[in-house]
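Just so you know, all these numbers are worked out from the coordinates, no wet-lab data involved. All of these numbers come straight from a predicted model, not from anything done at the bench. Cβ sites come from the backbone with ideal geometry, for glycine too, and all protein chains shown count toward neighbours.
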Amino acid sequence: MQKSISRTLLGLSVCVPLLIGALLLGGTLDYKSQFLNFIPQLSYASPCGAGSPPLRVFMYDLPPRFNVGLMDPNFSDAAPVTARNIPAWRWNDGLRRQHSVEYWMMASLLYDGDGESESTTEAVRVMDPDLADVFFVPFFSSLSFNVHVRNMAEIDTVDEKLQSFDLKTNMVLWGAFGSPYLFDCLVVARFANLAVFCNQLEMVNILRESDYWKRSDGRDHVIPMHHPNAFRHYRDLLNASIFIVADFGRIMNISTLTKDVVAPYPHMVESYSSEDHQDPYKSRETLLFFRGRTHRKDEGIIRAQLYKALKGTKDVIYEEAHASEEGFKAVSLMAFTFVPHDSSHIT
C-alpha cells in the first residue's frame, strides 16, 4: 500500500509540472492574470482599458522651491509655475537627467494640450480636487537630493544627528510654534546645515495638513521618489502613497509592486539615427554589448555574476570600463546594448 502511494505521488510530481508547462506554452492558461489575483487591490480602484477615460489628476500647488526653484534659484517663490514659465530641462545636467521623471510628470500636467483631445491622453489635470482620481505631489525629491547633498559621507553624518532628534516625538512640541515644521527645521538646520531635510520635513507636514491627504491617508497621492536616496529620512511616514521609483532594491521594506510604479531612466546618450542599411541588424556582428562597472558596491552582485558567466563568450562584449566617446560609438555597432540594472549604469 505504501509503495503504491509513493508511486502515485511520484507520478503526480512528474505529470503535473508537465501539464502546467503544456498549458502555458499552448496559451490555454493565462498565468499572468492568475498571479495578479493574489495582489490586493484598492477597494475603489477600477480597471483600465483601451476605451477608459483619462486619469483625472489634481496637482498640488507647491511653492517653486520644492520643484523648479531647484533648477533655477532665481525663480520667484511667489510666482505660480505654468507651462509658459517652467524652466526648460538642461540636457547637459549629467546624472541629474537620470532621475528627471519628476520634472516630466509635472510638465505634462502643466501642458495645456494645444487643442489635443482628452480621448488621446492618458491623464488630464483637474483643478477641482473633488473630481480627482489621484493627487500628484510635484516635489522634485531626486533633484533636491542631488542639489543639496554633495556626498554620502555627509548624509550618513546627518543621519546620526537626525536619529537623535525624533520627528514623531517632537510633533507634540510643534503646537507651541507658529509653523508645524518650523521648530524641527530650525533644529535640523542648526545641527545639520542641510536644506534638503527642511524640504522633506516641510513637505511631510504640508501633506499631513491636507484634507485630501487625511481623507485617504495618502493612498491616492502620487509622489516621485525616483532616486534611491530621495526622501530618504521621512518616506516611511508617507509609505501609504503611490511612489514613482526606479526599482525596489534599497527600499524593499517601504516600496512594493502592489502600490508603486517603476519608471524607467530617461536615455542618457543621444539616439543613433544615422543607420542607412536596409537591414541594420544584419551588419552588426556583435550580439550583446556592455561596457561599464561590473563591480559596484553591494548592488553590483548581479553584474559581477554576469561578468563571470559572459566573459569570453563569442559575440558578446561584457567588460569593465568608464564612459567614453569610444563606448558610445561602439553601442551603435551592436545588435543589442545590455544594461543590467543598478543604481548607476554606463553603456
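Other residues lying with their Cβ under 14 Å from the Cβ of residue 309 contribute a combined charge of +3, Lys and Arg counting +1, Asp and Glu -1.
From most to least packed by mean Cβ count within 10 Å, the peptides 219-230, 73-84, 201-212, 123-134 give 219-230, 201-212, 123-134, 73-84. Packing, as the average of other Cβ atoms within 10 Å across residues, places the peptides 135-144, 61-70, 327-336 in the order 135-144, 61-70, 327-336, highest first.
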